[in-house]
Amino acid sequence: MSYDVIVVGLGAMGSAAAHQLASRGARVLGIEAFGRAHELGSSGGLTRIIRLAYFEHPDYVPMLRAAWDLWPTIQAEAGDEQLIQVTGGLYIGRRGSSVLDGSLKSAETHGLAHEMLDADESRRRFPAIQVDDDMETLHEPLAGILFPDKCIEAHLRLAERHGAALHFEEVVTGYSSGPAGVTVTTNRGTYEAGKVVIAAGAWLPKLAPELNLPLRVERNALFWYEPVGQPELFERDRLPVWILELDEEYAFYGFPSLPGQGVKVARHHGGQTVDADSVDRTATDADERPVRDYMARYMPLASGPRLDSRVCMYTNTPDFHFILDFHPDDDRIVVASPCSGHGFKFSNIIGSMAADLALEGRTSFEIGFLSIDRFASVGGPSEVGRGLGVSSS
Ligand SMILES: Cc1cc2nc3c(=O)[nH]c(=O)nc-3n(C[C@H](O)[C@H](O)[C@H](O)COP(=O)(O)OP(=O)(O)OC[C@H]3O[C@@H](n4cnc5c(N)ncnc54)[C@H](O)[C@@H]3O)c2cc1C
């Protein structure tokens, strides 16, 4: 059987693309190497931050508004599982830091609701985080938590409801273009389609080596803790999701205490470069040390017994912006790699944009800054980008 579109990878982006394509009437085949909403790629770890005053670049804000509008629709269509929870957000740093200045720039450029808090006010309102005297906090009301496994499962269920065929535990081994369409080969068979969307996450460099993308797959560890005291300070009504930029290399981020989980704290970037097939999935004491050091200084009450840990992978570009573009050799193939550690919140709208590109050849969103040809002069695997990776210009 021939399909209109084959989606390779059914993680955050692929599941959303499969849903969007199928809901528009396309005959869709989705192929996933592992199981449904698994934790072995970039989407594990129970929670993801969604926000609007985007420090990474103001150009993401229109996409974010669309994503915010779409998540409740996905939730309502998919069933009774809660996909999103609004908590507000705190973006903390010194003047001149990417997180603080970048968030403020996006908020001002797009007229987003926000307030600026000096250190005293920040500590008074949100005492779980003891910010330094020379730090400031941008507080925005429209930020919160996405539950990634539930979001992916919702997209998968909706895709199936709209007639998509989804194959799990099947590995795509290659693809090739011909006059009639694109042929996708797997460890189980061969399939034909008019179009292909590649959403292979951390495996993209292996699946599409011909693109010679300057991607760096980075291992990141996540931790959950039981507070040592005053647990009420970490509840949802007292602690929004937060990001604190420590210096130009690293930021830390986290979530309020969630039932059955505890307080999640992690470092943004700073992980080793890894191969997606051989990454060490056990968090070590060395992984935890920077998080403990951070908590000792800024969140001492959070630093109780470790309740849980996970290892996840970022797929970083040199400028930390996403990739969403046609394959340079064949515009019947769409390449979607929205990660660099901040893509999940966009996954619903990226799925929609990937469907636009596959079915209509264009999308109404401004995606020039996500093009593949911006790497033309870079090429090859990148060691660039150990730092925070933000450009607020
Ligand atoms: C620790 C961590 C924290 C993060 N925090 C946030 C956050 O707070 N907010 C936010 O917005 N974003 C966050 N992100 C980023 C976000 O999670 C990623 O951008 C997103 O998960 C990427 O989705 P994806 O679909 O590209 O990758 P994945 O969800 O990993 O999906 C790729 C899929 O492709 C499959 N695949 C690969 N190769 C093949 C093949 N050959 N055949 C078949 N299937 C294949 C894989 O098995 C996988 O399921 C975080 C990421 C990490 C790792």
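The values are calculated or read from the model by the stated rules, or taken from the named source; none is laboratory data. Bear in mind the structure is a predicted one, so any value in this text is a computation, not a measurement. Glycine also receives a Cβ, built like all others from the backbone with ideal geometry; neighbour counts cover every protein chain displayed. For accessibility, only protein heavy atoms count, side chains too; no ligands or nucleic acids. Shrake-Rupley method; radii C 1.70, N 1.55, O 1.52, S 1.80 Å.
Remarks
Results for (1) closer than 20 Å to Lys345 by Cα; (2) touching a residue at least 12 places away in the same chain (Cβ under 8 Å); (3) open to solvent by less than 20 Å² (accessible area, probe 1.4 Å); (4) not in a loop (DSSP other than H, G, I, E, B), shown as yes or no for each residue.
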| position | (1), (2), (3), (4) |
| --- | --- |
| Asp4 | no, yes, no, yes |
| Ala22 | no, yes, yes, yes |
| Leu29 | no, yes, yes, yes |
| Lys105 | yes, yes, no, yes |
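- Residue within the stretch 299-311 that is away from the ligand (no atom under 16 Å from the Cβ), among the hydrophobic types (A, V, I, L, M, F, W, C) and open to solvent by 10 Å² or more (accessible area, probe 1.4 Å) present: yes
- Here Thr315 passes the criteria (1) within 15 Å of the ligand (Cβ to nearest atom); (2) farther than 27 Å from Val184 by Cβ; (3) among the hydroxyl-bearing types (Ser, Thr, Tyr) except the one numbered (2).
- Note on the stretch 208-235: residues that are open to solvent by 30 Å² or more (accessible area, probe 1.4 Å) and either under 30 Å from Asp331 (Cβ atoms) or near the ligand (Cβ under 9 Å from one of its atoms) (or both) total 3.
- Here Gly11, Gly35 are screened, and the one residue that is over 26 Å from His268 (Cα atoms), small (Gly, Ala, Ser), out of contact with any strand residue (DSSP E or B) (no Cβ under 7 Å at 6 or more places or on another chain) and within 12 Å of the ligand (Cβ to nearest atom) is Gly35.
- Within the stretch 185-203, restricting attention to residues that are under 16 Å from Asp4 (Cβ atoms) and more than 9 Å from the ligand (Cβ to nearest atom), the residue that is nearest to the chain's Cα centre (by Cα) is Val197.
- If you go through the stretch 236-271 and keep only what is within 22 Å of His114 (Cβ to Cβ) and either in a helix (DSSP H, G or I) or open to solvent by 30 Å² or more (accessible area, probe 1.4 Å) (or both), you end up with Arg236, Asp237, Arg238, Leu246, Tyr253.
- Among the candidates Ala283, Ala296, Ala302, the residue that is hydrophobic (A, V, I, L, M, F, W, C) and free of Cβ contacts under 8 Å to residues at least 12 places away in the same chain is uniquely Ala296.
- Residue match in the stretch 298-308 (condition: part of a strand (DSSP E or B), hydrophobic (A, V, I, L, M, F, W, C), closer than 24 Å to Leu21 by Cβ and at pLDDT 95 or above): no
- The stretch 78-103: number of residues that are part of a helix (DSSP H, G or I) and aliphatic (A, V, I, L, M): 3
- Conditions (1) open to solvent by less than 20 Å² (accessible area, probe 1.4 Å); (2) more than 30 Å from Arg36 (Cα to Cα); number of the one not met by Asp120: (1)
- Filtering Arg157, Arg94 for residues that are farther than 28 Å from Ser15 by Cβ, among the basic types (Lys, Arg) and open to solvent by 10 Å² or more (accessible area, probe 1.4 Å) leaves a single hit, Arg94.
- Among the residues of the stretch 275-298, those identified as open to solvent by less than 40 Å² (accessible area, probe 1.4 Å) and within 16 Å of the ligand (Cβ to nearest atom) are Ala276, Val279, Ala283, Asp287, Glu288, Pro290, Val291, Tyr294.
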